[in-house]
Each structure stands twice: as structure tokens, then as C-alpha cells.
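Structure, as C-alpha cells:
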Amino acid sequence: MATTSAELVITSKAFKNQEEIPRINTCEGANISPEISWVGVPDGTKVLALIVDDPDAPDPAKPEKIFTHWVVYNIPKTAKGFSEGTKSFPNGTQHGRNDYGKKDYAGPCPPIGKHRYFFKLYALDSEFHFIAPPTSADLQKAMVGHILGQTEIVGLYKKNN
């Protein structure tokens with residue numbers, strides 16, 4: 001059996017780290033999730049989790065909260081990523097609630113200024129089961145002590161208004 005020696009890395013064809021997220025992936029466009037992929041899943045990983053959030057809400061000059069845009073967990077360790085605008089996820093994948101109260105991706109829609117959007121991927125040694133779709137905070141609390149690796153890519157967006 002081959003061992004995993006690579007570092008966990010997440011990338012996107014839609015944007016590079018610290019660069020602009022395309023309009024199509026925002027509230028000003030089609031509001032569909034960008035293509036993302038990953039490599040280097042550590043040995044011992046059972047599942048992956050993805051959390052997309054904005055720590056600059058509502059105003060980057062005076063952030064008040066971390067706003068969650070997407071929560072996906074129990075992603076099979078064999079998954080390599082998600083295609084743009086995907087609605088078809090690998091078997092076993094579960095969806096949590098974003099801060100709009102929905103289980104789908106909600107693209108960037110900052111009320112003021114340029115915000116940062118962190119796409120955080122976690123390699124986990126355990127599956128997680130919740131009675132109701134978890135919030136980002138619920139999932140992060142459950143993941144404590146179960147994270148084998150993590151990585152992130154940061155996209156930027158400012159509305160064109």
C-alpha cells in the first residue's frame with residue numbers, strides 16, 4: 001500500500017490564492033460554487049470537510065463576525081474536489097447550514113469593501129453525525145481532536161456597485 005507523503009493542498013481553477021473570485025461565483029453573477037480540487041490527503045483520513053467563510057463581515061474596516069457561506073462534511077477521502085456549480089456530491093457527503101440558514105453554497109456578497117473568503121479543507125479521522133444540519137461552529141467543535149491535516153485557499157471579492 002502506498003503512503004501519502006504529500007501535503008494537503010486545495011486549489012481552484014476559478015481563482016488563485018489571494019486573487020479575485022469570478023463574478024459568476026458571487027451574488028452578482030450566477031451564485032454558483034467555484035471549481036475546487038485537492039491533493040495530498042493524509043494517511044488515516046476517513047472523510048474531509050469544507051467550510052467557506054468570510055471573517056470581514058460586515059465591513060472589513062470593522063469586522064463583527066465570521067460569516068459562513070458553505071459547510072460540507074463527510075466528504076469521502078477518495079474525492080478529489082467539486083466541479084463548478086456542482087449539485088451532485090459523492091455518496092455520504094453531508095451539508096451543514098450557512099449563515100443564510102441554507103444548505104447550499106452562497107457566494108460572496110459583501111455589503112461594503114473588499115472581503116476575504118476562506119475555503120478551508122480539513123482531513124478528519126472520523127465521520128460526524130448530527131440530528132440537524134450543523135452550523136460551521138457545530139462542525140468545528142465536533143472536529144476538535146480529529147483533524148489530521150488542513151489547508152485553505154483565500155479568494156477576494158468586492159461588489160461592483
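What follows draws every value from the coordinates through simple rules; no lab data is involved. Predicted model, so just to flag it, every value in this text is computed and none were measured. Here the Cβ is made from the backbone with ideal geometry for all residues, glycine too, and neighbour counts use every protein chain on show.
Out of (1) surrounded by 14 or more Cβ atoms within 10 Å (Cβ to Cβ); (2) in a loop (DSSP other than H, G, I, E, B); (3) in contact (Cβ under 8 Å) with a residue 24 or more places away in the chain, the odd one out for Ser37 is which?
(2)
Let's see how each residue does on (1) under 15 Å from Gly155 (Cβ atoms); (2) β-branched (Val, Ile, Thr); (3) out of contact with any Ser or Thr (no Cβ under 7 Å at 6 or more places or on another chain); (4) free of Cβ contacts under 8 Å to residues at least 60 places away in the same chain:
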position: Thr26; (1), (2), (3), (4): yes, yes, yes, no
position: Ala30; (1), (2), (3), (4): no, no, yes, yes
position: Val47; (1), (2), (3), (4): no, yes, yes, no
position: Ile51; (1), (2), (3), (4): yes, yes, no, no
position: Pro55; (1), (2), (3), (4): yes, no, yes, no
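Among the residues of segment 5-24, which ones are closer than 29 Å to Ala142 by Cα and either in contact (Cβ under 8 Å) with a residue 40 or more places away in the chain or surrounded by 20 or more Cβ atoms within 10 Å (Cβ to Cβ) (or both)?
So in segment 5-24, the residues closer than 29 Å to Ala142 by Cα come out as 5-12, 17-18.
Glu7, Leu8, Val9, Ile10, Thr11, Ser12, Asn17, Gln18 - these are the residues of segment 5-24 that are closer than 29 Å to Ala142 by Cα and either in contact (Cβ under 8 Å) with a residue 40 or more places away in the chain or surrounded by 20 or more Cβ atoms within 10 Å (Cβ to Cβ) (or both).
Conditions tested, residue by residue: (1) among the charged types (D, E, K, R); (2) touching a His at 6+ places or on another chain (Cβ under 9 Å).
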site: Asn31; (1), (2): no, no
site: Trp38; (1), (2): no, no
site: Thr45; (1), (2): no, no
site: Glu64; (1), (2): yes, no
site: Phe67; (1), (2): no, yes
site: Trp70; (1), (2): no, yes
site: Lys77; (1), (2): yes, no
site: Gly81; (1), (2): no, no
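What are the pairs with Cβ atoms under 8 angstrom where one residue, in segment 99-110, is at negative phi and basic (Lys, Arg) and the other, located anywhere, is part of a loop (DSSP other than H, G, I, E, B) and crowded, with 22+ Cβ neighbours inside 10 Å? Sequence gap at least six, or different chains.
Lys103/Gly96
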